[in-house]
Amino acid sequence: MDISLIIPVLNERENIAQLYAELVGVLADEGLAEYEIIFVDDGSTDGTGAVLEQLHAADLRVRVIQFRRNFGKSAALAAAFKRVRGEIVFTLDGDLQDNPSEIPHFLARLEEGYDLVSGWKYPRLDPITKTFPSWVWNRMMQLSTGVKLHDFNCSYKAYRREVTQEIVLYGELHRYVPILAHHKGYRVAEIQVAHRPRLHGKSKFGMGRFARGAFDLLTVLFLGQYRWRPLHLFGWLGAGAFALGVLVNAYLAFLWFAGLGPIGNRPLLTLGVLLMTIGVQFFSIGLLAEMFVQTQARDFVTYSIRRILE
C-alpha cells in the first residue's frame, strides 16, 4: 500500500461524495493505484454513515471507522493511525476546504527528506473571527515551542508512516502533532496549500477550543521536555521553593538569636514555613509522577468503535 488518506468527518453528508471523487481523480492522475481512503465517522447524526456505507460498497479501497458518539478529532486520528496500511499517510478535513490537488506537492516535499509536511492555508478564506485568533495562537505556539510553522491547526498534513505509529493522541492534541513529532526528532516542514470556502454544512469551529487548546499546549510542552523525567521539573521547583523557605526562616532565626524581638507573630514566618512545605510537596509530586511513568500503559483508548467496514 502506497498511500493512506485519513478523513475524520462529523455531519458532512453533502461533502463526502464530491471529496471522494476528487481524491480518486487526483490519485489516478498521479498514477497511484495502491491506496486506501479511511473515513472516521465521529458520531455523525445527519446521514453521513449511510453515504459512507455506499462508498465502501462501491469501492473496497474505502474503509470506514464509525464511532458510537462524538469523541473528537484526536480520537478519530488515533483510531485511524492504528489501522493505516500505507507508507505515506495523509490527513485532511471532510468539508472540501482542503484541495486534493495539493497531494503531489506534499509528496514532493516528503521526497526532500522530511518526515512530516504540514499545510499552511494561504490565503485563508475564513472570516476574521477565525483568522485573527488563529494568527495570535500560531504566534504564541512559535514562541513557546520553537517550531516555526505558520498554521499549526491546519489538518492537511502528510506523514511517513512511522510518525503516525509513534505519536500518541488524545484530548485536543491533534493540533500539536508537528510539535510532538519535532520533540521525537522527526524533520518537519511546511507548504502553502490552497484553501477553499465551505460550500455545504456548518463549521465545527468554536471559541471554546482556544481555552482547551491552552491547557493542551502546556501538556505538549511538558510531554516534550519532562514526560520521562518529571522529577527533573518538579524537583527543581521543589528545591527552589524549599531553599527560599530555608533562607526566610534562617533570617528569622538570626533575628531571634540576636534578641531583636519575637518572630512568632511575623507573617514572614508563615511564608517561610509555607515555602518549605510547598517544596516538599513538589518533590512528592515528582516522585509520584516518576512512579506513574514507570507503570503507565502506552496504548490507552479514549474512544469506542461501533463498527469497522474494511
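The values are calculated or read from the model by the stated rules, or taken from the named source; none is laboratory data. From a predicted model like this one, the values you see are computed outputs, not experimental measurements. Cβ placement follows ideal geometry from the backbone for every residue including glycine, while neighbour counts extend to all protein chains displayed.
The table below lists the values:
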quantity: Total residues in region 145-159, condition in contact (Cβ under 8 Å) with a residue 60 or more places away in the chain and more than 15 Å from the chain's Cα centre (by Cα); calculated: 0
quantity: Subset of region 140-172 (residues that are farther than 24 Å from P104 by Cα and among the charged types (D, E, K, R)); calculated: E166, E172
quantity: All positions within region 8-20 that are part of a helix (DSSP H, G or I) and either hydrophobic (A, V, I, L, M, F, W, C) or surrounded by 16 or more Cβ atoms within 10 Å (Cβ to Cβ) (or both); calculated: R13, E14, N15, I16, A17, L19, Y20
quantity: Among (1) under 25 Å from S118 (Cα atoms); (2) of a type in the set (A, V, I, L, M, F, W, C); (3) modelled with pLDDT of 95 or more, the one test that A75 misses; calculated: (3)
quantity: Some residue of region 138-150 being in contact with an Asp or Glu (Cβ under 7 Å, 6 or more places away or on another chain), buried (at least 16 other Cβ atoms within 10 Å of the Cβ), within 16 Å of S4 (Cβ to Cβ) and of a type outside the set (G, A, S); calculated: no
quantity: Residue count for region 170-200, restricted to those that are touching a Phe, Trp or Tyr at 6+ places or on another chain (Cβ under 7 Å) and in a loop (DSSP other than H, G, I, E, B); calculated: 1
quantity: Looking only at region 54-107, and only at residues there that are over 17 Å from E22 (Cα atoms) and touching a Pro at 6+ places or on another chain (Cβ under 8 Å), the one that is surrounded by the most Cβ atoms within 10 Å (Cβ to Cβ); calculated: A76
quantity: Output for region 134-169, where each listed residue is in a loop (DSSP other than H, G, I, E, B), among the small types (G, A, S) and modelled with pLDDT under 90; calculated: G146
quantity: Residue check for L23: part of a helix (DSSP H, G or I) and over 19 Å from the mean Cα position of the chain (by Cα); calculated: yes
quantity: Region 180-209 - residue that is at pLDDT 90 or above, aliphatic (A, V, I, L, M) and under 16 Å from the mean Cα position of the chain (by Cα) and, of those, surrounded by the most Cβ atoms within 10 Å (Cβ to Cβ); calculated: A181
quantity: Qualifying residues in region 257-272 (those that are surrounded by 14 or more Cβ atoms within 10 Å (Cβ to Cβ) and part of a helix (DSSP H, G or I)) - the one modelled with the lowest pLDDT; calculated: L269
quantity: Looking only at region 26-53, and only at residues there that are among the charged types (D, E, K, R) and part of a loop (DSSP other than H, G, I, E, B), the one that is surrounded by the most Cβ atoms within 10 Å (Cβ to Cβ); calculated: D42
